[in-house]
Every structure is written in structure tokens, then in C-alpha cells.
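The values are calculated or read from the model by the stated rules, or taken from the named source; none is laboratory data. Given the structure is predicted, the values throughout are model-derived calculations rather than measurements. Neighbour counts run over all protein chains shown; Cβ positions are idealised from the backbone, glycine included.
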Ligand SMILES: Cc1cc2nc3c(=O)[nH]c(=O)nc-3n(C[C@H](O)[C@H](O)[C@H](O)COP(=O)(O)OP(=O)(O)OC[C@H]3O[C@@H](n4cnc5c(N)ncnc54)[C@H](O)[C@@H]3O)c2cc1C
């Protein structure tokens, strides 16, 4: 048993660390650190920087422009990015559609679409969920009806993350309403400029705009936009589920949050002493740190296994469940540490002379509420438990 | 033994609940709650006419209530409707005015809005850490310092301020127009203010006010507990409705046993919350008020977070939206923990009691 990285892996980590120190603009890392809403421009700028280095599409095959990293290297890269407060990679084109096209797309689709993802020409969003089809995704109703060389799409998608920045959407649509639920679904690419599409913002609990609903009325899409075979879209959806799993534990983000909480508890004074000296609060931090320390190793153990077996197994659901709970707990502590000072609605204190908590903490309550989403999306924690029950416990 | 409310209190609670349900629905609430002054004067007046304020003071102070149970009844109704009006300040101020024997007709009729300023940035809850100072000047006093998170301060006419005088926390009355007030809406709706005092003229109400202030803080914490109980019950009922109607995999999600059991756990915590609130209300005027209020605020800090988080989780994405009322209930339930002593603060008060005993 040896818990340390190999000398090559350490060299790789140092290379990543140096690269980030030299190339991640401070303006951008500051915005990430302060939890201000990330702009489209910032994401695009950061993507472009990574793309120049060849480090943008970490999940892609080398022949398509991926860096050819092992799972451990990917892990190291993600962890270092968090450490440096790099923005999250917007995953829809890079980590979802890209791998799908590489596995299921035609040569022409690969040649035309993949380069535009890399260079940022296209911003993709994910059109899976519908008002009536969340956890039970296979019950989706959005219809695509063949009409000559086109599909005509009618229906509604919802929860479309960052759709307001996107020019393209990949959708699961029902192409055979007679077949068994999973067998009548197709994976179709849609240009958001096509007539008949309307996108409306959804305001989230904390007041932010990051998701949308998308309405399709007689939207005509060329048949060549079908990915894979007609009625075989569910296979692609399932394939994607395994691909969404790298970094699913969010260990890097939790480490980031833990450091923030510790720093905050040293700065905030409560009852005449730093909050970190309050044994009750210190115990909260310590418990979270213990859970995270174990999660780091759980994560590495599963990475190790994936590296040996070639693919992650169903046990990665454990990473999703515990990883989100730990991160949510840390976000709770970041809000809690501020006490009543966390209360002002972000941006509502217009008098810049009146300071509240330490710098960069004015969104702590908003971030706590926003992060409740992580145990709901990407397969809710209940659905993950169902998966584990079936696959690992065999009950 | 009788756990029924008296006829009068039941009627008050019913009429407040009905009024708020009809006249202060959640969409109106959200409009008021998130924009300064976080206060609707016409509705405030109507609430006062219904007796929501008179219930806060005893008869000899001009009201018709003033006990822990009266506070409980009023605030539970407010909590059910997630009402953002500056009632907390009124409840605490009424306790203080009663203690010092000052006239509170203005407060009880709703004509004068009060807020109570005790907490500071570095001492949000602790009376013995107050940094704000009072100095004698002419035949009155002036105050200097910053009071933080003054609930209702953004809409108040009069602010009752705790400031150090001769090494002891004393109680002063300040006209809001004499102070610099920076109001803001809060994450969970409703308003508060930072009150900046700089040689601000003030009237001394009570020189040695530690006991009176503790009592007012206890009453405020009790009010928050009752508010949470009201909000938790609505949150739970709404969640149950959703479990019955939302279908996935061809069945209402309420058929999934894992969700059933969690809904039961919520219920259990809400029942416990109601019980400890009743106990705190019963003890509010007794010698152990602080101990029981702290028990209530600690328990409710834990229960309210559980109920809020579980309600969101069991709804799924819909409860993450601004448009769906439960998101606002959840925010209120989580954020009220940090008002007037969070769950850790109150736990340490209970712990201190163990050591003393
Ligand atoms: C902020 C945010 C961003 C999102 N971004 C996207 C996006 O970009 N693209 C996209 O397509 N979708 C997106 N989603 C949608 C997300 O995938 C769904 O919210 C998720 O699948 C859950 O579906 P639902 O919200 O309809 O909840 P429901 O499926 O209705 O679930 C409600 C509750 O029931 C539970 N439940 C359901 N079935 C079972 C069961 N069999 N056993 C036990 N419990 C069960 C759930 O766990 C949950 O607690 C996003 C959601 C959010 C909140």
C-alpha cells in the first residue's frame, strides 16, 4: 500500500501548478474566490487559455485533441484547478457532447462539431429534463417527428443550465411513441437559432439566473443532426452518465471550501475571540475535515480501480452522495460562520463604506442555498442510492 | 393540564392566519420582502387593527396579552404566512417599554414603529461584549458606535439601543431620524439595518438594563421559534401535497418509502419544535426563562434546517426556484437561526447552566 503519487505524477502536478500560476488571470480567480456570478466572457477566456495549452478537453481521445491523461492525471489537474481558483469548465460541450460524438457520432459530425467546441465557436447546453421528466428521464415527452429530411420537434425542456449563453442544445426526444419508453428516444442536436424555439429564464432560490426553460414549437431540424441511431438515444444518455462521473465527488471544491471556512473562522470574532476558538464551531469544522479526509482517499481508491479496470463502476454513486453532502455542509459552515452578517441580500448594501463580513463573503448565504442543487441534479442522491441498492447490494 | 389555546388566543390566531392568507399572499409578500422598506404601511395598520400588536403587551401597559403564549400565537401566524413586517422589533420593544413603565400606545396602535438594537458585528448576541458607548451630554446622552443587524431598523421610527454606560449595558431611546441608518433586504426577505451612531442624541430609559435586555432578547428568540414552527408546518404540508401529486416512474413520489420515512422525520422534529416552544413560552416570565428559551432556539435551529433542506430535496428542482413558495420558506427557516443567537450560541448557554448547577 502506498498512498503517494508516483514521481511522474508529482512532476505532472508541479507542471500544472506552475502553468496555472502563470496563466490563470488574477481577475478571473478573484471572481471565482469571491463567488460572484461568472460571466460568459470569463468562461470563454479561460477555455481559450486552456485550449492553447491543449488542456481543455481532458476527457477527449488524443486523436480529437485530448491530452491523453490517465484518470489520476485528470484528478490531479482538477484538484490543482480548484486550488488555484480556476473557473469550472463548462461541461456541456466539452465533457458531455464531445465524448458522445467521439463514441457515437459520424465522421462528419466529429469533424465539424468537435473543433467548434474546442475553439469556443459553439456553446452547448443540455436538453434532457422536462417538467414531467426529472428522475424518470425516460418518460420524456418532447416529440421529434420525421418529415422528409427533417425532424419536427415539439415540446418543452427545462432546467437548461446556462442556456442563455448557448447557441446549441443537445436534446433527448421521443421518436417512437409506440415503443417501450427507453427504446423510443433519440439524441438530436439543435441550433438554438432555429425558428420556433423560445428560451425563458428561471430565477433560482438565491435570485440568480443560471437555468432556463426551452419551448419547441414546430422546430425543423435536419435529419443529419441525429447522433447515433434513431431510437437509440437512451444508450447515449446512459453512456453520458458514466462520463459525468470524473470529479463527481468534487473533492477539490470541498478542499477549497474547507480552507475558506478555516480562514473565515480565524477572521470572524464572536464574543470577544476568534470564532475558531469557539469549541462548538471548531468541532463543526473538524467533523467536516474528517469526512473530507476520508473522501479524498475513497475518491483515490475508486480512481485507482477505474484506472486498473478501464471504467468507473457503480460504486462511484457513493462519491456523488457523500461528496455533495460534504460540500453542502462546508457551504453551510461558510454561511454559519458569519452569523447575522450573512443576512443582507447580495448587492443590497449599496453604501460601500459599510463593511460586513470579511472580503469575498457577501455571497455566502446565496452560495449555500444555490448549492442545494448538487444533491438534486446529475441523478439525485435518492436515485444514486437506488442504483447502489440494485448494483452493489443486490437487494 | 390543558394544551388548548384560550378562546381569545385561538380567535386571534385564526383571524391573523385568515387575514394574512387572504391579504398577504406569497407573491405580495415577495414584493414587500425584497425591496426597501420591506414594509407595507396599509397592511401593517390592518394587522394592528386585528390586535397583532396589542397582544404583545399586558393589560396594565395598554395591551391585552403580553405573555409568552401571546407572543407565540402571533408569531406562529406570521410564520405561516412568511410575513416580513417589522413585528420582531415591536415585540422586543414592547417588553422593554413594559419593563421601564414607558408609554407604548404608539407602538401598540401601530402608529410608531420600533426596532431594538443590541447586537454588533463582533458581538451579535452577547450583552457583555457591547462596544457602543453612551456619554452624558447636557441633560441627556449621546451614543457612539455601530449596531448591526437591527431587525426592522430599516422601517423604524424609534430605535431602542443598548449602549455601555458606566461599565454596564444601559437602554436608550433614539429617534431613527437622528441616526445614520443603512437598511437592506435580507436573503430570506424582510429588512434590517446597520445603525451608525456618532454622538447621536439619546434618551436614557434604564441605566442598568442587562436584565431587561436579556428578557427582550428571550422574548425575541421565542417569537422566532414560534415563527419557525408556523413556517415549518406550512413547509411540511406543502411537501406532503407535492409527494401526493408529483409523479415519477408512473407513481406519486410519495409512494417511495424512503421519502415517506423522511416526511415522518420532519413531522417528528416539528412536533418536538412545537413542544419546546410551548415550554419556552410558559417559562418566559419565570426565573429560568433564558434556559428554556435557549433550549427552544437550539432545537429549532436544528429542526428548521432539517425541514428546509429536506423540503427542497424531496421536491427536487422545483423547490430551487424563486417562483415556488417553498424556496422562500426554506430560506427563512435556515436564516432565522442566525437571528438573536444561533444554535451553537444557545447550546453554550444551556451548557453553562449545566456547569452552574
Ligand atoms: C440548478 C439545476 C440545474 C440543472 N441543470 C440541468 C441541465 O442543464 N439540463 C438538464 O437536462 N437538466 C438539468 N437539471 C435537472 C435535474 O437533472 C433534475 O432536477 C433532476 O433529474 C431531478 O428531477 P426533478 O427535479 O424533476 O425531481 P423529481 O424527479 O420530481 O424528484 C423529486 C424527489 O423525488 C425523489 N425521487 C424520484 N424518484 C425516486 C425514486 N424512484 N425513489 C426515491 N426517490 C425518488 C427525488 O430524489 C427527489 O427527492 C438541473 C436541475 C437543477 C436544480
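When residue A:146 is tested against (1) more than 14 Å from chain B (Cβ to nearest Cβ); (2) closer than 24 Å to residue A:240 by Cα; (3) more than 9 Å from the ligand (Cβ to nearest atom); (4) in contact with a helix residue (DSSP H, G or I) (Cβ under 9 Å, 6 or more places away or on another chain), just one condition goes unmet, and that condition is (2).
One line per residue, one yes/no per condition, for (1) touching a strand residue (DSSP E or B) at 6+ places or on another chain (Cβ under 9 Å); (2) under 17 Å from residue B:152 (Cα atoms):
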site	(1), (2)
B:44	no, yes
B:52	no, yes
B:57	no, no
B:65	no, no
B:81	no, no
B:84	yes, yes
B:96	yes, yes
B:101	no, no
B:104	yes, no
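Within segment A:208-230, restricting attention to residues that are out of contact with any helix residue (DSSP H, G or I) (no Cβ under 7 Å at 6 or more places or on another chain) and in a loop (DSSP other than H, G, I, E, B), which residue is surrounded by the most Cβ atoms within 10 Å (Cβ to Cβ)? My answer is A:230. Where helices (runs of 4 or more DSSP H) fall entirely within segment A:41-155, those with at least 1 residues that are in contact with a strand residue (DSSP E or B) (Cβ under 6 Å, 6 or more places away or on another chain) and touching a residue at least 60 places away in the same chain (Cβ under 8 Å) are at A:98-104. Only one of the numbered conditions (1) under 20 Å from the mean Cα position of the chain (by Cα); (2) within 14 Å of the ligand (Cβ to nearest atom); (3) surrounded by 15 or more Cβ atoms within 10 Å (Cβ to Cβ) is not met by residue A:247, and that is (2).
Would you pick out the residues in segment B:179-199 that are surrounded by fewer than 23 Cβ atoms within 10 Å (Cβ to Cβ), more than 8 Å from every other protein chain (Cβ to nearest Cβ) and over 28 Å from residue A:367 (Cα atoms)? Across segment B:179-199, the qualifying residues are B:180, B:198, B:199.
For segment A:102-132, a tally of residues being within 14 Å of chain B (Cβ to nearest Cβ) and either more than 16 Å from the ligand (Cβ to nearest atom) or surrounded by 19 or more Cβ atoms within 10 Å (Cβ to Cβ) (or both) returns 4. More than 11 Å from every other protein chain (Cβ to nearest Cβ), over 22 Å from residue A:257 (Cα atoms) and buried (at least 18 other Cβ atoms within 10 Å of the Cβ): is that true of residue A:306 in this structure? Here the answer is yes, as residue A:306 does meet what is asked.
I'd like to verify a number: residues in segment B:50-66 that are surrounded by fewer than 14 Cβ atoms within 10 Å (Cβ to Cβ) and in contact (Cβ under 8 Å) with a residue 40 or more places away in the chain, how many? Of the residues in segment B:50-66, 0 are surrounded by fewer than 14 Cβ atoms within 10 Å (Cβ to Cβ) and in contact (Cβ under 8 Å) with a residue 40 or more places away in the chain.
Only residues that are touching a helix residue (DSSP H, G or I) at 6+ places or on another chain (Cβ under 7 Å) and either surrounded by fewer than 24 Cβ atoms within 10 Å (Cβ to Cβ) or part of a helix (DSSP H, G or I) (or both) were counted in segment B:82-99, giving 12.
Checking each residue in segment B:316-357 for being at the interface with another protein chain (Cβ under 7 Å from one of its Cβ atoms) and away from the ligand (no atom under 16 Å from the Cβ) picks out B:335, B:338, B:339, B:342, B:344, B:347, B:348.
Output the residues belonging to segment B:102-138 that are more than 26 Å from residue B:60 (Cβ to Cβ) and away from every other protein chain (no Cβ under 14 Å). Scanning segment B:102-138 gives B:132, B:133, B:134, B:135, B:136, B:137, B:138. Of all the criteria given as (1) within 14 Å of chain A (Cβ to nearest Cβ); (2) more than 12 Å from the ligand (Cβ to nearest atom), the one not satisfied by residue B:248 is (2).
A quick yes/no check of all residues on (1) within 16 Å of the ligand (Cβ to nearest atom); (2) over 27 Å from residue B:258 (Cα atoms):
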residue: A:318; (1), (2): no, no
residue: A:321; (1), (2): yes, no
residue: A:344; (1), (2): no, yes
residue: A:349; (1), (2): no, yes
residue: A:353; (1), (2): no, yes
residue: A:362; (1), (2): no, yes
residue: A:365; (1), (2): no, yes
residue: A:377; (1), (2): yes, no
residue: A:381; (1), (2): yes, no
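Count of segment B:251-266 residues, restricted to those that are within 12 Å of chain A (Cβ to nearest Cβ) and either away from the ligand (no atom under 14 Å from the Cβ) or surrounded by 16 or more Cβ atoms within 10 Å (Cβ to Cβ) (or both), is 4. At least 2 residues being more than 10 Å from chain B (Cβ to nearest Cβ) and touching a helix residue (DSSP H, G or I) at 6+ places or on another chain (Cβ under 7 Å) is the threshold, and among the helices (runs of 4 or more DSSP H) wholly inside segment A:313-395 those reaching it are A:316-336, A:381-388. Within the span defined as segment B:119-128, one or more residues are part of a helix (DSSP H, G or I) and at pLDDT below 95.
Residue-level check: of (1) crowded, with 22+ Cβ neighbours inside 10 Å; (2) within 10 Å of the ligand (Cβ to nearest atom), residue A:153 misses just (2). Summed over segment A:156-194, residues that are more than 12 Å from the ligand (Cβ to nearest atom) and assigned to a strand (DSSP E or B) total 10. Residues considered: B:269, B:309. Of these, the only one that is closer than 25 Å to residue A:339 by Cβ, away from chain A (no Cβ under 14 Å) and outside any loop (DSSP other than H, G, I, E, B) is B:269.
Being at negative phi, surrounded by fewer than 24 Cβ atoms within 10 Å (Cβ to Cβ) and outside any strand (DSSP E or B) is the filter here; which residues of segment B:156-178 pass it? If the condition is that a residue be at negative phi, surrounded by fewer than 24 Cβ atoms within 10 Å (Cβ to Cβ) and outside any strand (DSSP E or B), then B:157, B:176, B:177, B:178 are the ones that fit. For segment A:329-339, the count of residues that are touching a residue at least 12 places away in the same chain (Cβ under 8 Å), within 16 Å of the ligand (Cβ to nearest atom) and out of contact with any strand residue (DSSP E or B) (no Cβ under 7 Å at 6 or more places or on another chain) is at least one.
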